[in-house]
Amino acid sequence: MSPSTAASNRWHWPGWSHLPREARDTLFLLAVIAWTVLPHVGQLPPWCTLLSAAVLLWRGALAVRSAALPNRWVLAGVLLLALALTFMTHRTLLGKESGITLLVVLVALKTLELRARRDAFAVFFLGFFLVLTHFLHSQSMAIAAAMLVSVWGLLTALVLAHMPVGQPSLRQAGGLAGRFALLGAPVMLLLFLLFPRIGPLWGVPNDAGAKTGLSGELRMGMIAELAADDSVAMRVRVLSGTPPAPQALYFRGPVLSRFDGETWHIGRSGFPSSSAPPAQNLRTFGEAVELEVTLEPSRLATIPALEATPELPPIDGIRTRLRDDLHWTANRPLTERVRYTARAWPRFTQGPTEPSVGLQDDLDLPAGFNPRTLEWAAALRREPRYAQADATTLATLLMQRIRTEGYSYTLAPGLYDEERRGTAIDEFWFDRKAGFCEHFATAFVVIMRVLDVPARVVTGYQGAERNPVDGTLVVRQSFAHAWAEYWQAGQGWVRADPTGAVAPERIDRSRPLAPAPGFVATAFGGVAPGALLQLRALWEATDNAWNQWVLNYSRGTQFDLLQHLGYRSPDWEDLALLLIGVATSLSLAAAGWAWWEHRRTDPWLRAYARVRRATAALGLDAHDGVPPRTLAAALRARHGAAAEPTLRALQALDRLRYARHDTPLSARRTAAQARRLAAAAVAALRPLKRPASPLPAVASAPR
């Protein structure tokens, strides 16, 4: 035989059903580990992914070939290499990221030590720990579903390890693991509902799933970058009142008043004094609307709220404050999902109605920037018809210019301020006239300040899309927006959105510009128009339900549950007593079930006992340890050919119990067949006669 033929035979795949038991179980375990590691690939260093994949493939090849495992010196060398690479990557061997990296490598390497059952148990429990680490990065429904499959796979492997005899099928072991998991589901649900939520031991990791989104500063092009991000920023549900029209959906974020010529920053206006009401200069009109808002993690200490929201309820673990400019802030970044219920008034005025010292900050402009814009605005103010014009008249004039002078609203206006620093607004206002919302808002504010009108930039989100599945209003990162406010004597601050002048559909219909779809989306849309949007709506509605009922289940929700159960003023003591009482009841119920299962006789043994009673009536006693084939041999020796029908029934009963079946029978079918065979054997015994002299008991034989 040639070397190539020998190598081919060594690597020949024998087929799944023809693999030895040990190789099959090992390959199944390796597949479960690979599935468990897979969601981590995006966070792991590339070398860790490649090393773990190589080790798992190596172990699989050894299992198929029934080859010897590598010695411990090889494993020690690979481990030292992994430690060195981990330190080079993370600059530490401690902490979350380095810990997950090392855990993945250790799980993979441990598979090369599967020499005994205790080694397998170590892999199983390392695998369970690896499952938990996924929730340090994400608590999404998709990750939870994937890890549920991993837990089932690990339980199946654990069941196989506890069934060392015979050839139990994966289907049989998987079904048993699934039943065990279902039996544990009530306990899991109980702990989820009643186990005390005590921070910081219970909670979402501080940086899991957080996105940056809005910022406390603004440069031309920053919001246009968010337009390509279609992820959800917040979800809004109208609880009472008339739902606001799309053009009224302005969710206020940071207010930017300071300008250094290139970047806008949050203004110096701070918080009201402790003796002043939170919104002393806010005047609301008309009907309020009550909203439930769920904010996704953002890593910013900003709480976007519908204009105008004068009060927020207490939010668990977060202190909120309202600035003078109606910008809600938090005492720390929102690194976890936040839900609040508040009332907002879409019709309002805000700010001082008479000139004040604080308005001077909203007139300041740096010297030496955008000279053409400053000159044009100064010349406009010198015209007699505009010399005494109020702020509203001047704002209307600028809106008219944007509407009629060939300006365009685009996601890709190109870079400004490249050739000459400090002239971005000049270039936009006079030359290219193409921009996104921040281009129009910042140019508007600069010109209004030159016209001696206080003005500022407001950032946040504008508009929302209604999910047809659950009716919630979905605000995406692509809805990030910048608009302007100017001060009008007698009124206060007035909203002015130049985007509405150049792209009214963006404001009136909540239709932000979207980047061009990719190849897959284009092809799918050509085959089934609207199908992607319907699937996305269904997924987001399901994901929202997961967020509301699972991830947002908090201490307050636990106490609300106790109130529904009849507790008037629930506290931690009530919660603990209820948990102990229910846990005790479940434990007693489980103990009773275990006792009943212990007393219940196996259906096959019950059927075989009927046959043994019938043979005892013929004088042939057989105790519990005698298998049917041994009893059949004793009957043949006593009765010869007359016992042949009974022999066939007993041999079939023996095969039903001890033979290997290509297609395992269910417990119900096994019990039914055992009863049928026992009845046939008993019926065949009736014609036989009891011998005159007693016969010795049948001795047991090895199985």
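Of note:
- When we screen T302, T335, T294 for residues that are open to solvent by less than 30 Å² (accessible area, probe 1.4 Å), modelled with pLDDT under 85 and within 26 Å of the chain's Cα centre (by Cα), the only hit is T335.
- Checked against the criterion of being open to solvent by less than 20 Å² (accessible area, probe 1.4 Å), farther than 18 Å from F129 by Cα and modelled with pLDDT of 85 or more, segment 6-20 has no qualifying residue.
- Scanning segment 439-466 for residues that are of a type in the set (D, E, K, R) and surrounded by fewer than 24 Cβ atoms within 10 Å (Cβ to Cβ) returns R449, D452, E465, R466.
- Residue satisfying condition, being part of a loop (DSSP other than H, G, I, E, B), without any contact (Cβ under 8 Å) to a residue 12 or more places away in the chain and over 24 Å from the mean Cα position of the chain (by Cα), within set A68, A84, A76: A68
- Filtered residue count, segment 17-42, keeping only those that are in contact (Cβ under 8 Å) with a residue 24 or more places away in the chain, part of a helix (DSSP H, G or I) and more than 17 Å from the chain's Cα centre (by Cα): 13
- The combined condition, being touching a residue at least 24 places away in the same chain (Cβ under 8 Å), closer than 26 Å to L282 by Cα, hydroxyl-bearing (S, T, Y) and open to solvent by less than 50 Å² (accessible area, probe 1.4 Å), is fulfilled by Y486.
- Some residue of segment 407-425 being touching a helix residue (DSSP H, G or I) at 6+ places or on another chain (Cβ under 7 Å), in a helix (DSSP H, G or I) and under 20 Å from H265 (Cβ atoms): yes
- In segment 346-399, residue least open to solvent (accessible area, probe 1.4 Å) [restricted to those that are assigned to a loop (DSSP other than H, G, I, E, B) and aliphatic (A, V, I, L, M)]: A389
- All positions within segment 87-98 that are out of contact with any Asp or Glu (no Cβ under 7 Å at 6 or more places or on another chain), open to solvent by 30 Å² or more (accessible area, probe 1.4 Å) and assigned to a helix (DSSP H, G or I): F87, M88, T89, K96, E97
- Selected residue (criterion: least open to solvent (accessible area, probe 1.4 Å)) from residues of segment 51-76 that are among the charged types (D, E, K, R) and closer than 13 Å to K110 by Cα: R59
- Candidates A537, A484, A541, A523 - the one that is farther than 15 Å from E465 by Cβ, of a type in the set (G, A, S) and either touching a helix residue (DSSP H, G or I) at 6+ places or on another chain (Cβ under 7 Å) or modelled with pLDDT of 75 or more (or both): A484
- Segment 379-405 residues that are free of Cβ contacts under 8 Å to residues at least 40 places away in the same chain and within 20 Å of C437 (Cα to Cα), paired with ones that are in a helix (DSSP H, G or I) and hydroxyl-bearing (S, T, Y) (beta carbon under 8 Å, 6 or more apart): L397/Y386
The values are calculated or read from the model by the stated rules, or taken from the named source; none is laboratory data. Please read all numbers here as calculations on a predicted model, not as lab measurements. A quick note on method: Cβ atoms are made from the backbone with ideal geometry, for glycine too, and the neighbour counts reach across all protein chains shown. Ligands, DNA and RNA are stripped out before the accessible areas are found, and what is left, the full protein with its side chains, is counted by its heavy atoms. Shrake-Rupley method; radii C 1.70, N 1.55, O 1.52, S 1.80 Å.
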